[in-house]
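Asks: Mind looking over this structure? Questions follow.
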Amino acid sequence: MLNSVTAGRTVAVELPRVEDAAALVDSLRGLGVAAVRRTAPPAPDVRRVRERLGLTQREFAATFGIELGTLRNWEQNRNPPDAPGRLLLRVLERHPEIVAEAAEETAADA
C-alpha cells in the first residue's frame, strides 16, 4: 500500500517503538524497501551553547523563542530537549547567526 501511495518517492515513516530496530530495517530491506534508521542527534551541552553565545538564560530564551522554564530544565537535565529542540541546539552550536537571523525575521513578522 505504501509503495502505491508514494509512487517511487522517498517518504519518512515514523514507527512506534520496536524491540529491535535493526532487525526491522533488515526485514524491510529483505522485502525490497530501502529502509534506513534515523535518530535525532544527541543534545549538545545546552549551557555551553548558551554561554558561548554570551547570553543569559533569559536572553537566550527570548531570542530563540524557548520558554525560560524549558531552557532551565534542559540545562539542569531535568527534562532533556525533544528531537526538534536537539536539532535547534545543534544548529545553534554550529551556525548561531542563521538561527538569530531567522528569529529576528519571525519577530518582525509577528
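Asks: Based on this model, can you work out whether residue 23 counts as aliphatic (A, V, I, L, M) and either part of a helix (DSSP H, G or I) or surrounded by 11 or more Cβ atoms within 10 Å (Cβ to Cβ) (or both)?
Replies: On the way: aliphatic (A, V, I, L, M): yes; either part of a helix (DSSP H, G or I) or surrounded by 11 or more Cβ atoms within 10 Å (Cβ to Cβ) (or both): yes.
So residue 23 fits the description; yes.
Asks: For residues that are part of a helix (DSSP H, G or I) and under 13 Å from residue 88 (Cα atoms), tally how many sit in segment 26-62.
Replies: Total meeting the criteria: 5.
Asks: Scanning segment 63-110 for residues that are hydrophobic (A, V, I, L, M, F, W, C) and not in a helix (DSSP H, G or I), which turns out surrounded by the fewest Cβ atoms within 10 Å (Cβ to Cβ)?
Replies: Within segment 63-110, the subset hydrophobic (A, V, I, L, M, F, W, C) is 64, 66, 68, 71, 74, 83, 87-89, 91-92, 98-100, 102-103, 107-108, 110.
So of that shortlist, the ones also not in a helix (DSSP H, G or I) come out as 66, 110.
On the way: 66: 20, 110: 5.
Per the criteria, the residue is 110.
The numbers here are math on the coordinates, done by the rules we state, and not lab data. Here the structure is a predicted model, which means the values were calculated and not measured. Because the Cβ atoms are built from the backbone with ideal geometry, glycine has one as well, and the counts that use them run over all protein chains shown.
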